[in-house]
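The values are calculated or read from the model by the stated rules, or taken from the named source; none is laboratory data. Because the structure is predicted, anything quoted here is derived from the model rather than measured. Note: ideal-geometry Cβ built from the backbone for every residue, glycine included; neighbour counts use all protein chains shown. The protein model used for the area step is the full one, side chains on, heavy atoms only, and it has no ligands, DNA or RNA in it. Shrake-Rupley method; radii C 1.70, N 1.55, O 1.52, S 1.80 Å.
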Amino acid sequence: MITIVIAEDQRMLLGALGSLLSLEEDMEVVGKANNGEEAVELVKKLQPDICIMDIEMPGKTGLEAAEELKSTDCKVIILTTFARSGYFQRAIKAGVKGYLLKDSPSEELASSIRNVMAGRRVYAPELMDDLYSEENPLTEREMEVLGLVADGKNTKDIASQLTITTGTVRNYISTILDKLEVTNRIEAIRQSKEKGWFK
């Protein structure tokens, strides 16, 4: 019997997924979570074979929870509406065994669970194309600067926090705007969020 924990913040969908998987003879839903934090707690407590996880949930996202569960034996399958390459790349780094989209046919979910249990990885085909086309062009340091900008910090705050000069901060920001081909900080933040590059 494959034991499963489902993490999904939309209650109706959580119930529907639970009912759907309970119809499978070789599967049992042992726990349901409404956010990433609950998912991590349930997985540690119940030690299921599989955790099906949405990404955008309150408190702790599915990706943060997946990163936390990397060291456990539980295999994480992301089930999301977001076909974003940045999310997908993070999911792969977090050791996620499957990444499926919510608009896939329902029978695909059960067969994906069986495939993952058999040691295979299951990724939505449309994401495989994106994986190679959408690398984040920013360095870690540039992402750090952009993250501080997104937190509302000004040039002076960023300079003191990173112990660099304000001129260096301005250079970083100008490089970020060039690389992302945008005209201002707000567009840079929006684009990075949309592509899932922000941690």
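Yes/no matrix, rows are residues, columns are (1) assigned to a helix (DSSP H, G or I); (2) under 25 Å from MET12 (Cα atoms):
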position	(1), (2)
LYS44	yes, yes
ILE52	no, yes
LEU79	no, yes
GLN89	yes, no
ILE92	yes, no
ASN136	no, no
Handout entry: When residues of region 14-25 are limited to those that are in contact (Cβ under 8 Å) with a residue 24 or more places away in the chain and closer than 18 Å to THR80 by Cα, the one surrounded by the most Cβ atoms within 10 Å (Cβ to Cβ)
Key = LEU17
Exercise for the section: Test each condition in (1) over 20 Å from TYR87 (Cα atoms); (2) open to solvent by 30 Å² or more (accessible area, probe 1.4 Å); (3) hydroxyl-bearing (Ser, Thr, Tyr) for THR155 and report the one that comes out false. Expected result: (2)
Completion exercise
Among THR3, THR72, the single one that is farther than 21 Å from LYS195 by Cα, hydroxyl-bearing (Ser, Thr, Tyr) and either more than 21 Å from the chain's Cα centre (by Cα) or not in a loop (DSSP other than H, G, I, E, B) (or both) is THR3
Handout entry: Index of the failed condition, THR61 passing every other in (1) open to solvent by 50 Å² or more (accessible area, probe 1.4 Å); (2) under 12 Å from the mean Cα position of the chain (by Cα)
Key = (1)
Exercise for the section: Please indicate, with yes or no, whether at least one residue in region 98-105 is free of Cβ contacts under 8 Å to residues at least 12 places away in the same chain and open to solvent by 50 Å² or more (accessible area, probe 1.4 Å). Expected result: yes
Problem - Pairs where the first residue, in region 64-88, is without any contact (Cβ under 8 Å) to a residue 40 or more places away in the chain and the second is open to solvent by 70 Å² or more (accessible area, probe 1.4 Å), C-beta under 6 Å, 6+ apart - result: none
Handout entry: Residue among GLU107, GLU144 that is under 18 Å from ARG190 (Cα atoms), out of contact with any His (no Cβ under 9 Å at 6 or more places or on another chain) and outside any loop (DSSP other than H, G, I, E, B)
Key = GLU144
